[in-house]
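Worksheet: one structure, shown below.
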Amino acid sequence: MRPARALGLAAVTSGVCLLTLAPLVRLQVAPRILVAPADLYQTTTLQAVDATYLDAKSRTVRRGARIRAVNTIRGDVRASDEKTAVWDSFTWIGDADSGAEIEIQSQRMAFDRRTAQLAGVRGAAVNGDTGVRQSGIGPFWPIGVQKRTYHVFDTRTLTRQPMVFAGVDRVEGVMVYRFVQRTEPTVIGSPTRVPVSLLNLKEPGRELPGLDADRGDVEVDKVYEGTVTAWVDPRTGTRIDQRQKSRTVLRTKDGVDRLVVADFELRLSDADRRDRAVRADRTARVIVLLQVVLPVASAGLGAALLVAVYLTARARRPRPDAAPPPSREAEPREAS
């Protein structure tokens with residue numbers, strides 16, 4: 001085979017391969033890579049100032065406190081697979097100055113690595129309770145967030161709550177969508193008994209529901225209400241910023257709120273907000289590379305190779321109307 005013909009055949013083969021590769025990268029490779037990581041390890045710090053909380057040890061309400069919440073998420077690689085990711089989340093909430101523990105929360109979540117939808121499989125639980133049915137989405141948001149309402153699972157009420165699109169903002173230089181989730185006053189947990197003195201009920205009437213005058217305690221419900229605001233990068237699904245305003249009270253069975261046991265607004269730390277913005281931009285570049293740049297470049301280069309081979313072959317083809325070159329036999333001989 002002549003070198004020119006071999007080179008042309010190689011160019012045609014390469015062009016066809018590149019044209020075939022373009023949709024494969026966009027439709028097959030990208031969806032497999034652009035999913036929730038199974039090996040995630042992430043620590044997030046939120047802070048609140050001028051907070052109110054009940055110190056369980058001293059049974060004293062602290063006001064004007066500084067609160068710190070540290071959340072750690074660790075991916076369970078062994079429990080995850082190609083379609084489902086399993087993450088374990090642990091949150092410690094405490095007094096930033098005294099170190100007094102206020103609350104501990106845990107969540108084991110299993111969800112679709114592409115759509116982010118939670119599923120009650122592989123030991124999914126909230127605070128160790130595997131009977132809790134998790135639905136909606138959790139901390140992970142899917143790529144390509146839209147201006148619509150999403151249902152996000154609330155670990156306080158153990159239900160999914162609507163998170164409504166509320167506008168477009170810019171955080172740390174990143175254009176983000178703002179979503180707001182409002183939870184109306186909801187009874188959480190099981191009824192509990194607390195000392196009457198804690199509620200400042202000096203002489204409660206015996207007609208008060210749930211009162212045990214002999215023991216000096218009364219049955220109460222814990223009632224929670226809150227507002228969560230999240231600023232989400234629509235390109236990557238990354239939460240660039242977030243705030244969580246929480247208020248919890250003790251309510252006696254007569255429907256009266258007797259004591260505020262928690263009232264504060266947690267905000268993401270400046271360092272974590274900047275770090276998330278940087279990671280979002282980095283992830284967005286990878287998304288563009290896999291979904292746009294590589295497919296377009298592959299298709300363009302493949303088409304260019306095929307066009308070049310066609311034009312080269314056409315240029316080498318003899319013209320139909322061209323006169324054939326004279327043969328050696330037809331050349332006149334010189335007289336001897």
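The amide H of Val152, built 1.01 Å from its N in the peptide plane, has Ile137, Gln161, Met163 as neighbours under 5 Å, considering only residues 5 or more places off or on other chains.
Within region 78-170, the GluC sites (Glu not before Pro) that combine a DSSP coil assignment with at most 11 other C-beta atoms in a 10 angstrom radius are Glu82. Computed from the Cα positions only, the extents of region 53-179 along the three principal axes stand at 47, 37, 24 Å, in decreasing order. You can think of it this way: the chain between Ala56 and Val77 has 3.9 nm of extra reach, that is 0.36 nm per residue less the Cα-Cα gap.
Taking a point 7 Å out from the Cα of Arg243 in the direction of its Cβ, the residues of region 157-187 whose backbone N falls within less than 20 Å of it are 162-185. In terms of the mean number of neighbouring beta-carbon atoms within 10 Å, the peptides 89-96, 210-217 order highest first as 89-96, 210-217. Modelled this way, with points 7 Å down the Cα-to-C-beta line, the labels at Arg282 and Thr130 are 3.6 nm from one another. Under 27 Å of direct C-alpha separation, and excluding same-chain neighbours fewer than eight residues apart, Lys245 reaches these lysines: Lys57, Lys147, Lys222, Lys253. Volume per residue for region 38-268 equals 134 cubic angstrom (convex hull of Cα atoms).
Read the figures in this text as sums done on the coordinates, not as results from a lab. Predicted, not measured: the structure shown is a model, and the values here were computed from it. Note that we place each Cβ from the backbone using ideal geometry, even for glycine, and neighbour counts take in every protein chain shown.
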